[in-house]
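Enquirer: Structure in structure tokens, see below.
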Amino acid sequence: MTARSVHAELLRLRSDYLLPGFAVLTLVLSAAVNAGQQSDPSAGLAQATVIAMIFGSIRYTLDARNGLIARAVLASGRGPALLAKAVVTATAGAVIGVLGGLCTAVVTGLDGSVLPDLFGTMLSAAAGAVIGLCVGVLVRNHFAAPVAVLAVHLGSILVLQSWPAVGAVLPLGATMALVSDTQPDLLPQPAAIAVLLAWTAIASACSWLAMTMRDLG
């Protein structure tokens with residue numbers, strides 16, 4: 001049932017207008033952020049994760065508003081429906097991460113030096129998209145969910161700047177560790193991957209509980 005749900009979500013993704021729109025947004029913003037930067041592409045790489053988080057939050061709330069979540073739950077159950085949505089949202093997030101990484105490499109003129117960070121960008125964007133999806137599940141409001149994502153992101157920036165040791169174990173700190181090697185206060189990349197996956201698991205568990213306890217209407 002889960003495989004069938006994933007297949008249905010992938011078919012929807014192929015005909016969806018939201019991912020192409022966010023892909024274009026990623027390219028435009030990555031080019032703008034990285035214009036004139038020749039040494040540190042981390043801002044452009046991390047930005048792709050933020051865009052993926054916003055995508056995830058809007059993707060879920062848009063589907064919920066259009067009744068697609070309720071239909072998916074009726075067809076396969078709450079758990080399989082949420083899992084399928086998370087898998088496909090992570091795939092879309094990875095696409096956004098790859099586009100952001102490649103655009104950063106082209107704009108900054110870094111001949112291959114940014115490519116090792118492409119995996120980190122893809123992983124963090126995939127995880128970010130799932131976390132954004134979970135925010136959408138928890139908030140449910142189509143307009144409030146992306147605002148909540150941005151608020152969390154801005155708060156994480158303040159924490160990372162004011163208390164680096166605390167900020168390093170937040171999703172943003174883990175993302176920066178995966179896309180930058182110029183900030184000494186960040187975690188090693190293996191630890192950053194573990195932290196990012198842990199936050200994704202926590203967010204997923206919270207969204208699953210919310211989905212099982214609340215009415216979908």
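The values are calculated or read from the model by the stated rules, or taken from the named source; none is laboratory data. Just so we're clear, the structure is a prediction, and the values are computed from it rather than from any experiment. Backbone-built Cβ (ideal geometry, glycine too); neighbour counts: all protein chains shown.
Enquirer: Can you name the residue in the stretch 138-166 that is under 18 Å from the mean Cα position of the chain (by Cα) and of a type in the set (Gly, Ala, Ser) and is also nearest to Ile58 (Cα to Cα) among such residues?
Expert: The selected residue is Ala145.
Enquirer: Identify, from the list Arg71, Arg65, the residue that is within 23 Å of His7 (Cβ to Cβ) and of a type outside the set (Gly, Ala, Ser). Quick ask: steps written out before the conclusion?
Expert: Working: Arg65 fails: within 23 Å of His7 (Cβ to Cβ).
None of the others qualify; the one that does is Arg71.
Enquirer: Please count how many residues of the stretch 199-213 are exposed (fewer than 12 other Cβ atoms within 10 Å of the Cβ) and either without any contact (Cβ under 8 Å) to a residue 40 or more places away in the chain or of a type in the set (A, V, I, L, M) (or both).
Expert: Here is the first cut: in the stretch 199-213, the residues exposed (fewer than 12 other Cβ atoms within 10 Å of the Cβ) are 205, 212-213.
After this cut, where a residue has to be either without any contact (Cβ under 8 Å) to a residue 40 or more places away in the chain or of a type in the set (A, V, I, L, M) (or both) as well, the list is 205, 213.
So the count comes out to 2.
This table checks each residue for (1) within 22 Å of Thr200 (Cβ to Cβ); (2) surrounded by fewer than 22 Cβ atoms within 10 Å (Cβ to Cβ); (3) touching a residue at least 24 places away in the same chain (Cβ under 8 Å).
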| position | (1), (2), (3) |
| --- | --- |
| Ala8 | no, yes, yes |
| Thr26 | yes, no, yes |
| Ala43 | no, yes, no |
| Thr49 | yes, no, yes |
| Tyr60 | yes, no, yes |
| Arg65 | no, yes, yes |
| Ala75 | no, yes, yes |
| Leu83 | yes, yes, yes |
| Val87 | yes, yes, yes |
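Enquirer: Any residue at all in the stretch 169-184 that is surrounded by fewer than 18 Cβ atoms within 10 Å (Cβ to Cβ) and in a helix (DSSP H, G or I)?
Expert: Looking through the stretch 169-184, none of the residues is surrounded by fewer than 18 Cβ atoms within 10 Å (Cβ to Cβ) and in a helix (DSSP H, G or I).
Enquirer: All but one of (1) closer than 30 Å to Asn66 by Cβ; (2) in a helix (DSSP H, G or I); (3) of a type outside the set (A, V, I, L, M, F, W, C) hold for His142, so report the exception by its number.
Expert: The one condition His142 does not meet is (2).
Enquirer: Still on this structure, please answer the following. Can you find a residue that is assigned to a helix (DSSP H, G or I), within 27 Å of Lys85 (Cα to Cα) and in contact (Cβ under 8 Å) with a residue 24 or more places away in the chain anywhere in the stretch 151-164?
Expert: yes
Enquirer: If you don't mind, there's one more thing I want to ask. Would you point out which residue out of Ala127, Ala105 is part of a helix (DSSP H, G or I), in contact with a Leu (Cβ under 8 Å, 6 or more places away or on another chain) and modelled with pLDDT of 95 or more?
Expert: Details: Ala105 fails: modelled with pLDDT of 95 or more.
One residue alone meets the criteria, Ala127.
Enquirer: Here's a follow-up. Could you tell me whether Asp215 is part of a loop (DSSP other than H, G, I, E, B), under 22 Å from Leu74 (Cα atoms) and out of contact with any Phe, Trp or Tyr (no Cβ under 7 Å at 6 or more places or on another chain)? Working first, answer last.
Expert: Values: part of a loop (DSSP other than H, G, I, E, B): yes; under 22 Å from Leu74 (Cα atoms): yes; out of contact with any Phe, Trp or Tyr (no Cβ under 7 Å at 6 or more places or on another chain): yes.
Yes, satisfied.
Enquirer: Do the conditions hold for Val195, that is, is it under 29 Å from Pro20 (Cα atoms) and either modelled with pLDDT under 90 or not polar (S, T, N, Q) (or both)?
Expert: On the way: under 29 Å from Pro20 (Cα atoms): no; either modelled with pLDDT under 90 or not polar (S, T, N, Q) (or both): yes.
In short, no.
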